[in-house]
1. Those residues that are out of contact with any Ser or Thr (no Cβ under 9 Å at 6 or more places or on another chain) and at pLDDT 60 or above, I need them from the stretch 90-100; list them, please.
2. Take the residues of the stretch 62-88 that are of a type in the set (A, V, I, L, M) and over 14 Å from Y48 (Cβ atoms): which is surrounded by the fewest Cβ atoms within 10 Å (Cβ to Cβ)?
3. Please work out which residue is nearest to E25 (Cα to Cα), limiting yourself to the stretch 49-94 and to residues that are in contact (Cβ under 8 Å) with a residue 40 or more places away in the chain and among the hydroxyl-bearing types (S, T, Y).
Amino acid sequence: MEAAIADAPVVLTERAIKQVLRQKERLGKQGQFLRLGVRGGGCSGLSYVIDWETEPDDEFDVTYTQDEVAFVIDIKSAKYLQGTVLDFDIKNLMEGGFTFQNPLAVRSCGCGTSFTLK
């Protein structure tokens, strides 16, 4: 199912969009979707998912397109990601990458890949 970007639980920053397009080109992922989601695990209870998807599941996934980036989020993950901003930040050669700024998270681990909800 495809939905309007205005209804998306996640918004990508300009830096994130540029990096996704760079990686898509570099990794040969043309025609694929960026998968965003949440799964149980990690040191804070829930972990963020960011991966590539070749074919979304029409029953459980919603597809969004922001600028040139098509991404999918499963219905269950969407409720945990409501209002989240996906950014890309490079602090130095050893740190940085995609970051999730999730207003529903009350605590995150040191690396920022897992979180606890309100």
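The values are calculated or read from the model by the stated rules, or taken from the named source; none is laboratory data. In this text the structure is predicted, and so the values were computed from the model without any measurement. With ideal geometry, Cβ positions are generated from the backbone for all residues, glycine too; neighbour counts draw on all protein chains shown.
1. I90, K91, G96, G97, F98, T99
2. I75
3. Filtering first and then ranking leaves T65.
Table: residues versus (1) under 17 Å from A6 (Cβ atoms); (2) touching a Lys or Arg at 6+ places or on another chain (Cβ under 7 Å); (3) at pLDDT 90 or above.
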| position | (1), (2), (3) |
| --- | --- |
| D74 | no, no, yes |
| T84 | yes, no, yes |
| F88 | no, yes, yes |
| N102 | no, no, no |
| G110 | no, no, no |
| L117 | no, no, no |
